[in-house]
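The values are calculated or read from the model by the stated rules, or taken from the named source; none is laboratory data. Everything quoted here is computed from the prediction, not taken from an experiment. Please note: Cβ atoms are built from the backbone with ideal geometry, for glycine as well, and neighbour counts cover all protein chains shown. Only protein heavy atoms, including side chains, enter the accessible area calculation; ligands, DNA and RNA are left aside. Shrake-Rupley method; radii C 1.70, N 1.55, O 1.52, S 1.80 Å.
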Amino acid sequence: MLPLLRSERREMLLHIGYHKTATTWLQRHVFDRSSGSFASPCSFLDQVDHLVKPHPLEWDEAAARRFFDERVRAIEADGLVCAMSNEAFSGNPHGGSFQSVEIARRLHALFPDAKVLIVIRRQADHVLSSYKQYVQRGGCLAPGRYFDPPRNWFRIPGFRYGHFAHDQLIRLYQELFGRDRVMVLPYEWLVQDSDDFLQRICSFSDARPVEGLPGRRERVSMSAAAIALQRRLNRLLLRDDVNRSALFHLRSLPVWMRRMDRLLAPLMGRWCEAALRRQIHARVDGRYAESNLRTVELTGLPLADLGYEMPASAGAR
């Protein structure tokens, strides 16, 4: 079967995440048509419906190809870079990201000439932010149950530490698309210098520079104090795909919790944050050092300088 994109057409960009690496900000302000450089061929949920949700035995490659083909061509005709930015492509951390390999293969089947952007983050910060997102979405498991569930909890996928071993997904995409067509950027570079971060993306994509953007913070995590309170309220008041059994669905709960956070953070925020960070660090310290070293070997990134954990013997290698 012929690929969707032929060699004479402009190369598209696939931004696959990860979650909690400013993906929402990038989607709204960089990979949106309003940037004047990029445009998305369809909505976030359309991408999910055609590339993420279908079971491997039910995915219709030809139907997906037909859906994207005309939309991609229309963007290229306007002289823009077609960009699909969707953190679900890297898999959902709350469900163990079990579909990430299948999604990578689907993307390659449809867009074999695309370029791929992967944004990674220091694991201790990444895992903490991901857990807070889980609670803000409606989750009600305490850290112990969320990170280390009982052995007999296997019927429905949950959190998996391997989701944050970045080298595994990077290697997969490099094998599928080619090493020179996969760019990996640390989220910490965006925090340090957002203009340079965006310039790297535009240069990699052969896109016009994107300038004059608003601040990068979107969906900022609440304090650990507010997270602890919401986790208990979620059992009754917030129904979501990470918690489908809540008795009620109070749509305004996230708004009220943001307001409550302004009161709780000054009173208990520092203590609760330190306690939650201790729990996270106890679980991840030492876990990702070898993975980070392999990521350096795959990408050449100076992760040690950015605070990523490395093996004690890395300097001698």
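Of the residues Gln174, Gln192, Gln230, only one is open to solvent by 70 Å² or more (accessible area, probe 1.4 Å) and either of a type in the set (S, T, N, Q) or in contact with a Cys (Cβ under 7 Å, 6 or more places away or on another chain) (or both); which?
Exactly one of Gln174, Gln192, Gln230 is open to solvent by 70 Å² or more (accessible area, probe 1.4 Å) and either of a type in the set (S, T, N, Q) or in contact with a Cys (Cβ under 7 Å, 6 or more places away or on another chain) (or both), namely Gln192.
So in region 74-99, with the set limited to residues that are among the small types (Gly, Ala, Ser) and surrounded by fewer than 23 Cβ atoms within 10 Å (Cβ to Cβ), which one is nearest to Gly178 (Cα to Cα)?
Ala88
Tell me yes or no: at least one residue of region 212-224 is more than 20 Å from Gln133 (Cβ to Cβ), touching a Ser or Thr at 6+ places or on another chain (Cβ under 9 Å) and not hydroxyl-bearing (Ser, Thr, Tyr).
yes
To keep it simple, each residue is scored yes or no on (1) closer than 19 Å to Pro214 by Cβ; (2) among the hydrophobic types (A, V, I, L, M, F, W, C).
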site	(1), (2)
Thr21	yes, no
Trp25	yes, yes
Arg33	yes, no
Ser37	yes, no
Leu45	no, yes
Arg66	no, no
Arg71	no, no
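Based on what the data block shows, is Val242 surrounded by fewer than 14 Cβ atoms within 10 Å (Cβ to Cβ) and either touching a residue at least 12 places away in the same chain (Cβ under 8 Å) or under 23 Å from Leu141 (Cβ atoms) (or both)?
Considered against the rule, which asks whether it is surrounded by fewer than 14 Cβ atoms within 10 Å (Cβ to Cβ) and either touching a residue at least 12 places away in the same chain (Cβ under 8 Å) or under 23 Å from Leu141 (Cβ atoms) (or both), Val242 comes out as no.
Counting only residues that are of a type outside the set (S, T, N, Q), assigned to a helix (DSSP H, G or I) and closer than 18 Å to Gln99 by Cβ, how many does region 47-62 have?
Adding up the residues that qualify gives 6.
Among the numbered criteria (1) in contact with a Lys or Arg (Cβ under 7 Å, 6 or more places away or on another chain); (2) at pLDDT below 95, which single criterion is violated by Gly79?
Checking Gly79 against (1) in contact with a Lys or Arg (Cβ under 7 Å, 6 or more places away or on another chain); (2) at pLDDT below 95, the one that fails is (1).
Taking the options Leu264, Leu247, name whichever one is among the hydrophobic types (A, V, I, L, M, F, W, C) and surrounded by 13 or more Cβ atoms within 10 Å (Cβ to Cβ).
Leu264
Could you tell me whether any residue of region 289-299 is in contact (Cβ under 8 Å) with a residue 60 or more places away in the chain and either part of a loop (DSSP other than H, G, I, E, B) or over 29 Å from Leu185 (Cβ atoms) (or both)?
Scanning region 289-299 turns up no residue that is in contact (Cβ under 8 Å) with a residue 60 or more places away in the chain and either part of a loop (DSSP other than H, G, I, E, B) or over 29 Å from Leu185 (Cβ atoms) (or both).
Testing Glu309 on (1) more than 18 Å from His126 (Cβ to Cβ); (2) surrounded by 13 or more Cβ atoms within 10 Å (Cβ to Cβ), one condition comes back false. Which one is that?
Among (1) more than 18 Å from His126 (Cβ to Cβ); (2) surrounded by 13 or more Cβ atoms within 10 Å (Cβ to Cβ), Glu309 violates only (1).
Just to be sure I understand, how many residues within region 18-46 are open to solvent by less than 30 Å² (accessible area, probe 1.4 Å) and in a helix (DSSP H, G or I)?
Summing the residues that are open to solvent by less than 30 Å² (accessible area, probe 1.4 Å) and in a helix (DSSP H, G or I) in region 18-46 gives 5.
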